[in-house]
Amino acid sequence: MTFGPLEIAFDDRVLRPREWTTEQSLWAAELLRAAPQGPVLELCAGAGQIGLLAVAGSGRRLVCVDANPVACRYARVNAEAAGLAALVEVREGRLEEALGEDERFALVLADPPWVRREETGRFPDDPLLAIDGGDDGLDVARSCLKVIERHLLPTAHGLLQLGSPEQVEALRGDPWLAATGLTLAEVRPHERGVLVLVRR
């Protein structure tokens with residue numbers, strides 16, 4: 001399928017790229033123009049399309065992390081097709097284990113599954129691993145925020161994708177978030193989800 005100017009390959013074992021999420025890539029590209037030097041990290045990267053579109057033309061390195069080996073294979077294929085293979089590293093594994101302790105990033109994209117577990121049956125065409133966000137839909141989002149807190153450069157930003165403004169408010173109400181020093185700043189609602197700017 002076409003994702004912005006990119007041609008993205010995937011199959012039914014990987015979440016189909018959502019066209020509206022090009023907005024996350026475009027916002028990321030805008031932030032990168034003023035971001036500190038350093039690579040970009042994409043968590044729950046799937047086929048890699050959001051991160052690839054974000055860094056296209058920037059010369060930045062991109063690290064994509066996903067637990068699904070099929071998604072990781074497609075991310076590599078799509079990086080090659082976009083002419084970005086030399087700048088992209090794809091890591092298969094759990095979010096908490098995929099990064100070195102000293103790795104820091106100029107921007108972190110996080111595209112976690114955010115469907116409540118009891119509601120995943122409403123989406124039979126979507127791979128369960130790619131949409132199941134736990135009981136409240138926020139389990140993986142919390143893990144992403146913990147990774148962002150540990151690996152974000154001091155003046156850098158994160159961009160988190162969630163399902164609704166209500167989920168943003170639920171995260172803001174979590175006591176552990178204040179302890180991280182992170183703030184869920186600007187929120188941009190879209191037809192199928194929301195994008196959240198994460199600041200220290």
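What follows is calculated from the coordinates using simple rules that are stated; it is not laboratory data. Just so you know, these numbers come straight off a predicted model, no measurement behind them. Methodologically, a virtual Cβ is constructed for each residue, glycine included, from the backbone with ideal geometry; neighbour enumeration extends over all protein chains shown.
For the chain, the Cβ-based charge dipole about the Cα centre amounts to some 540 debye (Lys, Arg positive; Asp, Glu negative; other atoms uncharged).
Annotation: peptides 29-39, 55-65, 93-103, ranked by per-residue average of other Cβ atoms within 10 Å with the highest first, follow the order 55-65, 29-39, 93-103. Summarising the amide proton neighbourhood of residue 194: residues at separation of 5 or more, or on other chains, whose placed amide H is nearer than 5 Å comprise 162, 163, 164.
Looking at the chain alone, DSSP beta bridges between its own residues are antiparallel in about 40 percent of cases. Each residue of region 190-200 was assigned a 3J(HN,Hα) from its phi angle through the Karplus curve 6.51 cos²θ - 1.76 cosθ + 1.60 (θ = phi - 60°); the sequence is 10, 4, 10, x, 10, 10, 10, 7, 10, 10, 6 Hz, with glycine and proline shown as x. Taking every C-alpha pair closer than 8 Å and separated by at least 6 residues, the mean separation divided by the residue count of region 101-170 gives a relative contact order of 45 percent. Note on the chain: GNM, Cα springs under 10 Å; of 16, 188, 122, the largest mean-square fluctuation is that of 122. Near residue 163, once Lys and Arg are set to +1 and Asp and Glu to -1 for all other residues with Cβ below 9 Å from its Cβ, the sum equals +1. Label region 16-117 by shape, choosing from rounded, prolate and oblate, from the square roots a ≥ b ≥ c of the eigenvalues of the Cα gyration tensor; if a/c is under 1.5 it is rounded, and otherwise prolate applies when a/b is larger than b/c, oblate when it is not. Verdict is rounded for region 16-117.
The separation of region 76-124 from region 171-194, counted between C-alpha centres, amounts to 19 Å. Here the relative contact order of the chain, from alpha carbon pairs under 8 Å that lie six or more residues apart, stands at 19 percent. Local charge for residue 190 was computed over the other residues whose Cβ lies under 15 Å away, with Lys and Arg +1 and Asp and Glu -1, and equals -3. Near residue 157, the amide H atoms lying under 5 Å from its own belong to 108; only residues 5 or more places off or on other chains count, and H is placed 1.01 Å from N. The phi-based Karplus calculation (6.51 cos²θ - 1.76 cosθ + 1.60; θ = phi - 60°) puts the 3J(HN,Hα) values of region 162-179 at 10, x, 7, x, 5, 5, 4, 5, 4, 5, 4, x, 6, x, 5, 5, 4, 5 Hz, whole numbers, x for Gly and Pro.
Summary of packing: across the peptides 132-140, 165-173, the per-residue average of other C-beta atoms within 10 Å ranks them, highest first, as 132-140, 165-173.
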